[in-house]
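A.B. asks: One structure coming up, written as structure tokens, with questions to follow.
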Amino acid sequence: MIISDFEEDPRAQGARGHRRSVSRGSYQLQAQMNRAVYDERPPGSLVPTSVAEASRAMAGDTTLSENYAFAGMHHIFDQHVDSAVPRLQFANDDKHLLACCSLDGTLSIMTLSPPPASVKVTLKGHGGPVTDFAWSLSNDIIVSTSLDGTLRIWNTEDGRCIREVRDPESSELLCCTFQPMNNNLTVVGNSKHHLQVVNISTGKKVKGGSSKLTGRVLSLSFDAPGKILWAGDDRGSIFSFLFDMATGKLTKAKRLVVSEGSSICSISARSWISREARDPSLLVNACVNKLLLYRVVDNEGTLQLKRSFPIQHGSQLVHSIFCPLMSFRQGACVVTGSEDACVYFFDVERNTKAIVNKLQGHGGPVLDVSFNCDESLLASADSTGMVIIWRREQK
């Protein structure tokens with residue numbers, strides 16, 4: 001059973017100063033809660049059962065539509081205007097700190113409090129468009145990738161570049177992600193189809209930590225325990241890899257062809273979609289005019305399509321996310337950008353009329369979205385360089 005594979009506590013592998021606080025008891029408690037309700041739920045259901053009344057009480061007796069009603073724009077950042085902002089992300093467990101990267105070759109770290117909202121620091125040094133970045137768990141470091149063929153490690157307080165790591169193939173770097181249980185390790189994908197695990201403390205490649213896909217590596221996501229890595233390419237394939245926590249070695253496990261020739265531009269993994277839902281899931285944008293939700297069916301990362309939701313997405317690198325607090329609510333919500341310049345919220349449990357909310361205000365395709373930790377603010381970025389912060393209505 002897949003839950004047994006997610007119960008181990010690999011925190012001993014965490015890097016000093018970057019450890020995620022993980023309690024083995026919390027894994028076991030989640031597993032027990034899950035098993036207690038499993039027989040009550042329809043197969044594949046993500047909605048909490050009667051056992052979850054306490055969870056729902058924490059969110060209040062409101063519908064998903066009410067929970068995701070937004071009062072309007074809180075702030076607009078335009079420091080990257082005229083250059084697309086492909087990625088943005090709130091800092092971990094933070095309400096007011098977020099960052100974005102731009103095709104103008106820079107990254108911005110922005111703060112929303114104390115008001116007025118402002119750009120805290122600009123990260124300058126890449127010699128080409130910045131394609132992706134990631135916050136470390138403790139938010140003191142950002143890693144970024146660029147078409148200039150370098151991975152850079154930044155100090156988020158003063159914007160200083162701590163280290164530059166050049167791609168050994170001198171190829172464009174397209175995506176990156178931290179190993180969630182060991183932030184000394186970062187996985188990088190390049191334009192020559194290669195994945196590589198890099199030790200950012202030394203700047204060296206990890207032996208055995210490389211593999212090759214069928215196309216340019218566009219997207220990466222670990223499961224929460226850091227044991228499975230999924231990677232998507234521009235030929236329509238998603239590969240799963242088993243990650244050896246002790247050595248950093250990658251072992252190719254499974255391959256799924258989503259749509260031949262389509263770009264897999266966003267992958268987000270979630271072990272538990274709602275507080276009592278068992279199924280680990282993957283949210284995927286694949287340039288097929290649909291947002292795709294997959295079930296992870298085994299401990300090798302095999303995927304089975306669960307649902308799809310219509311959006312305008314045929315060519316741009318559009319991203320999507322799971323809502324961070326959906327586990328406390330009736331239903332389960334995901335958010336995605338779209339090429340029609342809108343932000344869409346979908347309830348993954350609704351068979352009809354799945355759109356929970358739609359935000360309009362961007363002047364071009366919306367490429368990325370990010371919630372802060374308590375869901376009071378949502379950030380979205382578009383192809384014109386605009387970043388909009390949306391404020392949720394206060395109940």
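A.B. asks: Need a quick list: strands (runs of 3 or more DSSP E) entirely within the stretch 165-240 having at least 2 residues that are in contact (Cβ under 8 Å) with a residue 24 or more places away in the chain and either farther than 22 Å from Asn139 by Cα or out of contact with any strand residue (DSSP E or B) (no Cβ under 8 Å at 6 or more places or on another chain) (or both).
C.D. replies: Strands (runs of 3 or more DSSP E) meeting the threshold: 182-190, 194-199, 204-212, 217-222, 228-233.
A.B. asks: Ok, one more. Can you list residue pairs whose Cβ atoms sit under 6 Å apart, with the first residue in the stretch 244-261 being closer than 25 Å to Lys204 by Cα and the second being part of a loop (DSSP other than H, G, I, E, B) and modelled with pLDDT of 95 or more? Count only pairs 6 or more apart in sequence or on different chains.
C.D. replies: Every condition considered, the pairs that remain are Ala253/Glu300; Ala253/Gly301.
A.B. asks: Considering the stretch 240-262 alone, what residues qualify as being open to solvent by less than 30 Å² (accessible area, probe 1.4 Å) and more than 14 Å from Asp298 (Cα to Cα)?
C.D. replies: Phe243, Gly248, Leu250, Ser262
A.B. asks: In the stretch 316-333, how many are at pLDDT below 95 and either open to solvent by 10 Å² or more (accessible area, probe 1.4 Å) or in a strand (DSSP E or B) (or both)?
C.D. replies: 8
A.B. asks: Suppose we keep only residues that are assigned to a strand (DSSP E or B) and not small (Gly, Ala, Ser) within the stretch 263-276. Which one would you say is most open to solvent (accessible area, probe 1.4 Å)?
C.D. replies: The residue in question is Arg270.
A.B. asks: Is there any pair linking a residue in the stretch 61-82 that is within 30 Å of Leu103 (Cα to Cα) to one that is of a type in the set (A, V, I, L, M, F, W, C) and open to solvent by 40 Å² or more (accessible area, probe 1.4 Å), with Cβ under 9 Å and at least six apart or on different chains, and which?
C.D. replies: Filtered contacts from the stretch 61-82: Ile76/Met386; Phe77/Val119; Phe77/Met386; Asp78/Met386; Gln79/Val119; His80/Leu103; His80/Met386; Val81/Met386.
Rundown of residues vs (1) open to solvent by 10 Å² or more (accessible area, probe 1.4 Å); (2) part of a strand (DSSP E or B), yes/no style:
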position	(1), (2)
Val85	no, no
Leu88	no, yes
Thr131	yes, yes
Asp148	yes, no
Leu151	no, yes
Trp154	no, yes
Arg163	yes, yes
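A.B. asks: On to the next question. Filtering the stretch 205-236 down to residues that are among the hydroxyl-bearing types (Ser, Thr, Tyr) and under 18 Å from the mean Cα position of the chain (by Cα), which residue is farthest from Leu151 (Cα to Cα)?
C.D. replies: Ser221
A.B. asks: Tell me, yes or no, whether the stretch 189-196 has at least one residue that is closer than 18 Å to Ile162 by Cα and open to solvent by 10 Å² or more (accessible area, probe 1.4 Å).
C.D. replies: The answer is no, given that none of the residues of the stretch 189-196 is closer than 18 Å to Ile162 by Cα and open to solvent by 10 Å² or more (accessible area, probe 1.4 Å).
A.B. asks: What are the residues in the stretch 215-226 that are open to solvent by less than 40 Å² (accessible area, probe 1.4 Å) and either polar (S, T, N, Q) or under 28 Å from Cys161 (Cβ atoms) (or both), if any?
C.D. replies: Those that are open to solvent by less than 40 Å² (accessible area, probe 1.4 Å) and either polar (S, T, N, Q) or under 28 Å from Cys161 (Cβ atoms) (or both): Val217, Leu218, Ser219, Leu220, Ser221, Phe222, Gly226.
A.B. asks: Follow-up. Among the numbered conditions (1) open to solvent by 10 Å² or more (accessible area, probe 1.4 Å); (2) in contact with a Leu (Cβ under 8 Å, 6 or more places away or on another chain), tell me where Leu229 comes up short.
C.D. replies: Exception for Leu229: condition (1).
A.B. asks: Quickly run through the stretch 105-129 and pick out the residues that are in a strand (DSSP E or B) and closer than 18 Å to Arg160 by Cα.
C.D. replies: Thr106, Leu107, Ser108, Ile109, Met110, Thr111, Val119, Lys120, Val121, Thr122, Leu123, Lys124
The values are calculated or read from the model by the stated rules, or taken from the named source; none is laboratory data. Not measured: the values here are computed from a predicted model. Glycine gets a Cβ as well: all are built from the backbone with ideal geometry, and neighbour counts include every protein chain shown. The protein model used for the area step is the full one, side chains on, heavy atoms only, and it has no ligands, DNA or RNA in it. Shrake-Rupley method; radii C 1.70, N 1.55, O 1.52, S 1.80 Å.
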